[in-house]
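Data first, discussion second: the structure below is written as structure tokens.
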Amino acid sequence: MKLRRPETAVIAAAGAALLAIALFAHPVGDYHAESDFYGGYADGARQIEHGHLDPARYPVVGPVYEITLAVLGFTGLDLFLIAKLLSVAAACVALACMAALARRRAPDASTGAALGLWLAILLALNPTFVRYGYSVTNDMLSLALASAALLLVLGTGGGWGFLAAGALAGLAALTRYSEAILLPAGALALAIWPPAKSSRARAIGLYAAGFALIAVPWTLFSVAHHAVPGEPLLRYFSFYANPDANRSIQDLSPATPDSARTYRSLGEMLHHDAGGFVLTLIRNIPAHLALEARGLLGWPVAFLAMAGLAIAIPRRTALGLGPLWLIGALQFLTLAAVFHSERYALPLAPIELSLAAFAIAWAGAASRPKLLARVAPLAGTIAAALMLRDVIGLQNEVHRLLPIETLEAGRVLRSAAMPGSRVIARKGQIGYAAGLPVVPFPRFATLHELADYAHGAHADFLYFSWYEAQLRPEFAWLLDPTADVPGLEQVHATANKRSLLYRIELGFGAEPAWLSDPYQRRLHESRALVGVLADSLTVPYLITLGIDALDRADPGAAIRNADQALHFREDQPLAWEVRGLALMRLGRHGDAVAALEHALALAPDDAETRDSLAAARARAQAPAK
């Protein structure tokens with residue numbers, strides 16, 4: 001694989017940027033895709049380091065990612081750092097392979113040079129590509145292996161390169177099972193576009209043999225241990241086919257061990273309603289295309305991709321890229337059967353972007369009219385600039401949501417823990433930071449049930465953060481440090497992003513007296529949730545805090561809470577009433593009248609507000625002493 005100097009510069013710049021993010025701006029994985037590292041990959045890699053490879057660990061993803069982490073783990077570096085560096089390296093490999101492939105399959109050398117460069121630029125600036133170019137997930141390793149496989153199967157002259165291509169495709173499939181489509185897709189591409197230096201049958205045979213060389217031994221090993229690679233993907237297919245957020249039942253009935261039975265297999269779905277399944281698949285095609293245009297590519301680049309497709313269709317010279325686009329189409333159809341995710345669609349990004357790069361390269365060729373040749377690179381530059389804007393915006397949002405509080409809490413937990421300690425948490429970041437095993441945090445209706453679970457799991461600590469408060473709202477008051485709970489000793493509280501670390505002691509499970517008082521419970525929930533929920537959702541809690549401030553004879557705090565609530569929702573009569581009563585206590589009777597008039601206008605039947613308004617008017621009209 002020989003890269004041209006401009007492509008090398010783009011890849012080097014992208015690699016440097018990803019490395020900088022990985023080392024300096026990504027100290028902890030997020031609560032979404034990267035949670036799999038804390039909840040599975042890190043532990044699996046450690047098990048492999050100790051010689052234990054359990055096929056049952058890989059129901060929905062393959063073992064290659066964890067094996068790679070384990071091998072690199074012998075360097076002695078932290079696995080989280082290793083995983084970030086692995087993604088950076090894999091991103092550079094994917095960029096290099098796809099740029100080289102695009103250049104080799106281009107209609108001519110001139111177009112190929114521009115095509116390879118523009119594909120490298122667009123892919124390096126793709127927000128989803130950047131997001132997973134430093135993340136501790138298996139996505140980028142899978143993409144790198146798939147890209148290398150495509151380069152060898154479509155960009156080489158023939159020979160044993162097809163065997164290597166098949167092996168790389170097998171490794172990609174055993175990283176993320178969805179990449180198994182590379183086997184039939186690659187074989188079909190070779191059948192339609194046979195290589196010049198090898199027969200069609202030999203090329204397909206070598207490619208399939210390379211894939212089998214990787215996949216068959218693992219499959220046999222797994223079956224011997226009573227596990228079939230990827231079988232749960234088909235058994236619980238209705239989960240992946242459901243686009244609604246309610247597809248996840250772990251928060252609805254997590255204490256039920258057989259809750260997965262609510263999912264239906266692909267076979268069951270086809271048996272009961274094959275027509276409906278096919279119709280849904282057909283409907284998903286335009287829907288997914290629109291979602292990818294808006295999210296994965298962004299509309300400016302999507303328009304360039306559509307232009308590239310329109311240019312390519314009537315031109316036989318574009319058929320050099322046909323095998324790549326065919327493989328992409330088959331990958332797209334495979335993913336159209338499941339709910340759309342930009343992360344799941346990442347393997348499509350370089351292929352779809354190659355259409356945009358083709359449009360720029362073809363229109364910008366020297367043989368085109370001068371105006372077109374000048375406009376094409378300008379359009380590409382504008383699209384790249386907009387992508388860079390989107391990348392910066394996405395990275396800022398990712399960094400804002402990082403659970404950095406787990407690092408601080410983890411250090412405290414590490415110091416407070418004893419050998420054999422365990423911590424209950426919704427996600428595994430706190431346990432990784434502390435070096436402790438994490439006990440899952442199911443959803444329970446009562447404190448007594450949670451306590452019984454904690455004791456049964458031999459948990460010594462309970463971690464409750466803004467994230468747990470959102471997913472376990474029935475225990476949101478655990479995020480309020482003023483909420484005294486028997487059997488829970490507060491060990492540490494973080495301030496920047498709120499979290500509380502508790503030590504579980506004897507007596508946990510007895511309900512505190514305030515819990516049965518609706519107002520006191522509401523007050524503790526309000527103290528916990530303000531600053532945690534989205535601003536627009538905090539209005540009722542801000543009003544509760546305003547009422548509490550009045551009860552504590554703190555009119556200033558009451559006004560601040562009421563004003564903040566009214567900033568988001570001006571139609572809240574109780575917030576206006578709180579503001580009015582607080583202003584009365586400060587002697588600002590004229591302002592109080594105005595606030596209470598607002599409250600009465602919104603709730604004209606409220607007798608208490610009417611009485612308060614009458615009192616405020618009387619005081620406002622009273623002569624000054």
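The values are calculated or read from the model by the stated rules, or taken from the named source; none is laboratory data. As the structure is a prediction and not an experimental result, all values here were calculated from the model. Methodologically, a virtual Cβ is constructed for each residue, glycine included, from the backbone with ideal geometry; neighbour enumeration extends over all protein chains shown.
Just to check your reading of the model, which residue among Gly456, Gly420, Gly487, Gly435 is in contact with a Phe, Trp or Tyr (Cβ under 6 Å, 6 or more places away or on another chain), surrounded by fewer than 20 Cβ atoms within 10 Å (Cβ to Cβ) and not assigned by TED's automatic domain parsing to the domain that holds Leu81? First the steps, then the outcome.
Details: Gly456 fails: in contact with a Phe, Trp or Tyr (Cβ under 6 Å, 6 or more places away or on another chain); Gly420 fails: in contact with a Phe, Trp or Tyr (Cβ under 6 Å, 6 or more places away or on another chain); Gly435 fails: in contact with a Phe, Trp or Tyr (Cβ under 6 Å, 6 or more places away or on another chain).
Answer to the selection: Gly487.
Residues being in the same structural domain as His340 (by TED's automatic domain parsing) and closer than 30 Å to Leu304 by Cβ are represented in segment 156-164 by at least one member.
Those helices (runs of 4 or more DSSP H) of segment 511-625 in which at least 3 residues are closer than 29 Å to Ala469 by Cβ, considering only elements entirely within it, cover 518-529, 539-551, 555-568, 573-585.
For segment 458-477, enumerate the residues that are part of a helix (DSSP H, G or I) and of a type in the set (A, V, I, L, M). Outline the logic, then answer.
Kept after step one, since they are part of a helix (DSSP H, G or I), are these residues of segment 458-477: 466-471, 473-477.
Scanning segment 458-477 gives Ala469, Leu471, Ala476.
A count restricted to segment 475-494 and to residues that are under 34 Å from the mean Cα position of the chain (by Cα) and either closer than 19 Å to Leu545 by Cα or in contact (Cβ under 8 Å) with a residue 60 or more places away in the chain (or both) stands at 12.
Any chance you could count how many residues in segment 394-419 are touching a residue at least 24 places away in the same chain (Cβ under 8 Å) and over 19 Å from the mean Cα position of the chain (by Cα)? Talk me through it step by step, then tell me what you get.
Kept after step one, since they are touching a residue at least 24 places away in the same chain (Cβ under 8 Å), are these residues of segment 394-419: 394-395, 398-399, 401-410, 412-413, 416-418.
Applying the additional criterion that residues be over 19 Å from the mean Cα position of the chain (by Cα) yields 407-410, 412-413, 416-418.
Summing the residues that are touching a residue at least 24 places away in the same chain (Cβ under 8 Å) and over 19 Å from the mean Cα position of the chain (by Cα) in segment 394-419 gives 9.
Annotation note: of Phe464, Phe508, the sole residue that is closer than 30 Å to Ala575 by Cα and of a type in the set (A, V, I, L, M, F, W, C) is Phe464.
Does segment 559-567 include one or more residues that are over 42 Å from the mean Cα position of the chain (by Cα) and either outside the structural domain of Arg472 (by TED's automatic domain parsing) or closer than 17 Å to Ala616 by Cβ (or both)? Among the residues of segment 559-567, not one is over 42 Å from the mean Cα position of the chain (by Cα) and either outside the structural domain of Arg472 (by TED's automatic domain parsing) or closer than 17 Å to Ala616 by Cβ (or both), which makes the answer no. Exactly one residue out of Ala33, Ala9, Ala45 is under 15 Å from Phe129 (Cα atoms) and among the small types (Gly, Ala, Ser): that is Ala33. When segment 114-166 is filtered for residues that are at pLDDT below 95, surrounded by fewer than 24 Cβ atoms within 10 Å (Cβ to Cβ) and either under 17 Å from the mean Cα position of the chain (by Cα) or among the small types (Gly, Ala, Ser) (or both), the ones remaining, listed by number, are Gly155, Gly157, Gly158, Gly159, Gly161. Can you confirm whether segment 52-66 contains a residue that is of a type in the set (Phe, Trp, Tyr) and crowded, with 19+ Cβ neighbours inside 10 Å? Within segment 52-66 (the criterion being of a type in the set (Phe, Trp, Tyr) and crowded, with 19+ Cβ neighbours inside 10 Å), the answer is yes, since at least one residue qualifies.
Does any residue of segment 461-468 turn out to be modelled with pLDDT under 95 and either closer than 25 Å to Leu79 by Cβ or in contact with a Phe, Trp or Tyr (Cβ under 9 Å, 6 or more places away or on another chain) (or both)?
Taking segment 461-468 first, the residues modelled with pLDDT under 95 are 466-468.
Remaining after also requiring either closer than 25 Å to Leu79 by Cβ or in contact with a Phe, Trp or Tyr (Cβ under 9 Å, 6 or more places away or on another chain) (or both): 467-468.
Looking through segment 461-468, at least one residue is modelled with pLDDT under 95 and either closer than 25 Å to Leu79 by Cβ or in contact with a Phe, Trp or Tyr (Cβ under 9 Å, 6 or more places away or on another chain) (or both).
Scanning segment 391-407 for residues that are acidic (Asp, Glu) and buried (at least 18 other Cβ atoms within 10 Å of the Cβ) yields a count of 1. Can Leu281 be described as surrounded by fewer than 16 Cβ atoms within 10 Å (Cβ to Cβ) and at pLDDT below 95? Answer is yes for this residue.
Determine, yes or no, whether Pro195 is assigned by TED's automatic domain parsing to the domain that holds Leu330, surrounded by fewer than 17 Cβ atoms within 10 Å (Cβ to Cβ) and over 18 Å from Gly62 (Cβ atoms). When the stated conditions are applied, Pro195 does not pass them.
In segment 571-587, the residues that are of a type in the set (Asp, Glu) form Cβ pairs under 8 Å with partners that are not in a helix (DSSP H, G or I), at six or more places apart or across chains, as follows: Glu577/Asp606.
Going through Tyr41, Tyr31 one at a time, which residue ends up being among the aromatic types (Phe, Trp, Tyr), surrounded by 19 or more Cβ atoms within 10 Å (Cβ to Cβ), within 17 Å of the chain's Cα centre (by Cα) and not in a helix (DSSP H, G or I)?
Values: Tyr41 fails: not in a helix (DSSP H, G or I).
Of Tyr41, Tyr31, the one residue that is among the aromatic types (Phe, Trp, Tyr), surrounded by 19 or more Cβ atoms within 10 Å (Cβ to Cβ), within 17 Å of the chain's Cα centre (by Cα) and not in a helix (DSSP H, G or I) is Tyr31.
Is one or more of the residues making up segment 83-98 of a type outside the set (Phe, Trp, Tyr), under 25 Å from Gln395 (Cβ atoms), in a helix (DSSP H, G or I) and touching a Lys or Arg at 6+ places or on another chain (Cβ under 9 Å)? No; the residues of segment 83-98 include none that is of a type outside the set (Phe, Trp, Tyr), under 25 Å from Gln395 (Cβ atoms), in a helix (DSSP H, G or I) and touching a Lys or Arg at 6+ places or on another chain (Cβ under 9 Å).
Scan segment 319-350 for residues that are hydroxyl-bearing (Ser, Thr, Tyr) and out of contact with any helix residue (DSSP H, G or I) (no Cβ under 7 Å at 6 or more places or on another chain) and jot them down. Once the filter is applied, which keeps residues that are hydroxyl-bearing (Ser, Thr, Tyr) and out of contact with any helix residue (DSSP H, G or I) (no Cβ under 7 Å at 6 or more places or on another chain), segment 319-350 yields only Ser341.
The residue that is nearest to Gln429 (Cα to Cα), counting only those in segment 499-542 that are surrounded by 13 or more Cβ atoms within 10 Å (Cβ to Cβ) and of a type in the set (S, T, N, Q), is Ser499.
Within segment 31-76, restricting attention to residues that are in contact (Cβ under 8 Å) with a residue 40 or more places away in the chain and of a type in the set (Phe, Trp, Tyr), the residue that is nearest to Val223 (Cα to Cα) is Tyr58.
Within segment 421-445, the set of residues being touching a residue at least 24 places away in the same chain (Cβ under 8 Å) and within 20 Å of Leu506 (Cβ to Cβ) comprises Ser421, Arg422, Val423, Ile424, Phe444.
Name, by its number, the condition in (1) without any contact (Cβ under 8 Å) to a residue 60 or more places away in the chain; (2) outside the structural domain of Glu597 (by TED's automatic domain parsing); (3) buried (at least 18 other Cβ atoms within 10 Å of the Cβ); (4) not basic (Lys, Arg) that does not hold for Leu550. The one condition Leu550 does not meet is (2).
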